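Quick notes on the structure that follows.
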Amino acid sequence: MARPDAGRSPPTEKLDLLSCYEEAIAEQKGCAYLRKNGVYSSQITEWRNLRDAGVLEGKTAGARIGKLSAEQAEIARLRRQLEVSEGKRKKTGDALDIMGKLSAFFENAINESQDELKSKKK
């Protein structure tokens, strides 16, 4: 179902399309989602910037959105940068947690094998 008027969608619909697109990306189906909905990646980029700047929130259908001011664009860029940094921080934290568990596992295995060797020598 192609959507030739995707650029003129109400702000709430843009937010919905953007949310669904981001879910499709997580499943590695982003391009298929864009084709199915007749949306260009440039529109997604623009909508993401508008969302991150807080411009789409609370707008009604037909409300004029306009271009971002320099301050709004900077806010959108910083929000996106924060989102990416938080994702990296979470991945790093998860990796450190796994490494800690592996380290404890191997340390325990080494201690058990040393205890086993000591008991065999007696």
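The values are calculated or read from the model by the stated rules, or taken from the named source; none is laboratory data. A quick note: this is a predicted structure, and the numbers were derived from the prediction, not measured. Heads up, the Cβs are rebuilt from the backbone with ideal geometry, glycines too, and the neighbour counts pull from every protein chain shown.
Couple of notes before you dig in:
- Hits in segment 20-32 - residues which are within 15 Å of residue 51 (Cβ to Cβ) and either in contact with a helix residue (DSSP H, G or I) (Cβ under 6 Å, 6 or more places away or on another chain) or at pLDDT 90 or above (or both): 20, 21, 23
- For segment 27-42, taking the residues that are among the small types (Gly, Ala, Ser) and farther than 15 Å from residue 13 by Cβ, the one that is nearest to the chain's Cα centre (by Cα) is identified as 30.
- Taking segment 68-101 as the range and being modelled with pLDDT under 95, more than 21 Å from the chain's Cα centre (by Cα) and surrounded by 10 or more Cβ atoms within 10 Å (Cβ to Cβ) as the test, the residues that pass are 68, 69.
- Any chance residue 45 is assigned to a helix (DSSP H, G or I), within 17 Å of the chain's Cα centre (by Cα), of a type in the set (Ser, Thr, Tyr) and modelled with pLDDT under 90: yes
- Residue match in segment 52-59 (condition: over 16 Å from residue 80 (Cα atoms), modelled with pLDDT under 75, surrounded by 16 or more Cβ atoms within 10 Å (Cβ to Cβ) and more than 16 Å from the chain's Cα centre (by Cα)): yes
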